[in-house]
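Quick notes on the structure that follows.
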Amino acid sequence: MSLQPRVLIVEDESPIAELIAVNLRHNGFQPVWAEDGVSAQREMDAVLPDVILLDWMLPGQSGIVLAKKWRADARTRGIPILMLTARGDEPDRVAGLDAGADDYITKPFSTQEMLARIRAVLRRRAPEQVSDSVAIGALTLDAATHRVSWQGQALKVGPTEFKLLHYLMKHSERVHSRSQLLDKIWGDHVFIEERTVDVHVKRLRESLGAAGTMVETVRGAGYRLTAQV
């Protein structure tokens, strides 16, 4: 990451984009503005940003469509995405997380909140590197090769779900609260809602297929991974 983290602002309303860009520049970031999905893709093809501020409502392709596209591409998969949205409703926020956003900011938002969230996702982008492997029953995870398998069959697991699974497997049979998981998987979570954990656990279970039952919900306490299924 450069000394001045590059922030791609995908926002069709120029007054909002200019205000964000000015504040970012004053705080040591390098803002780049794109007003729609086409120009955003052009910027991504040229130079990958360190973080993306992505508006939900855009002309042409929506922010949700773009987030899904970038998460599906190996080149752009690891870039943190902060969804900018005027939609404060829970289903919409969950839809943003489901599309691959790391966090969301509901308009109107303060400059300090925006900067804090950007710094938080950038800190989380460089977690401690793990290169070990672990097996619980027929479920195996190799951190070095980033592979997960169940009964010898390879499973496709997203990057955040992989980190979550790795932590749960390393500490199997123990119950972990949502806040503990946020600390361990996401790092600084001052602005991350605990609901985020539920979304990623749901995605992890879906990725694991038949092994998904190993990830148990402990009502009122959190989650645990168990071999006793």
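The values are calculated or read from the model by the stated rules, or taken from the named source; none is laboratory data. Since this is a predicted model, take the numbers as computed values, not measurements. With ideal geometry, Cβ positions are generated from the backbone for all residues, glycine too; neighbour counts draw on all protein chains shown.
Observations, loosely collected:
- Only residues that are in contact with a strand residue (DSSP E or B) (Cβ under 7 Å, 6 or more places away or on another chain), in contact (Cβ under 8 Å) with a residue 60 or more places away in the chain and surrounded by fewer than 17 Cβ atoms within 10 Å (Cβ to Cβ) were counted across region 128-177, and they come to 1.
- Only one entry of V94, V32, V10 meets the criterion of being outside the structural domain of H146 (by TED's automatic domain parsing), touching a Lys or Arg at 6+ places or on another chain (Cβ under 9 Å), in contact (Cβ under 8 Å) with a residue 40 or more places away in the chain and not charged (D, E, K, R), and that entry is V94.
- Summed over region 22-36, residues that are surrounded by 20 or more Cβ atoms within 10 Å (Cβ to Cβ) and in a helix (DSSP H, G or I) total 1.
Residues are listed down the side, and each one gets a yes or a no for (1) among the small types (G, A, S); (2) in a loop (DSSP other than H, G, I, E, B); (3) surrounded by fewer than 20 Cβ atoms within 10 Å (Cβ to Cβ):
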{"position": "V38", "(1), (2), (3)": "no, no, yes"}
{"position": "E43", "(1), (2), (3)": "no, no, yes"}
{"position": "P49", "(1), (2), (3)": "no, yes, no"}
{"position": "I52", "(1), (2), (3)": "no, no, no"}
{"position": "M57", "(1), (2), (3)": "no, yes, yes"}
{"position": "Q61", "(1), (2), (3)": "no, yes, yes"}
{"position": "A74", "(1), (2), (3)": "yes, yes, yes"}
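- Restricting region 219-229 to residues that are assigned to a loop (DSSP other than H, G, I, E, B) and touching a helix residue (DSSP H, G or I) at 6+ places or on another chain (Cβ under 8 Å), the residue that is modelled with the lowest pLDDT is V229.
Every residue, every condition in (1) closer than 24 Å to L82 by Cα; (2) modelled with pLDDT of 95 or more; (3) assigned to a helix (DSSP H, G or I); (4) not assigned by TED's automatic domain parsing to the domain that holds V94, yes or no:
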position: S179; (1), (2), (3), (4): yes, no, yes, yes
position: D183; (1), (2), (3), (4): yes, no, yes, yes
position: V190; (1), (2), (3), (4): yes, no, no, yes
position: D198; (1), (2), (3), (4): yes, no, yes, yes
position: L204; (1), (2), (3), (4): yes, yes, yes, yes
position: T217; (1), (2), (3), (4): no, yes, no, yes
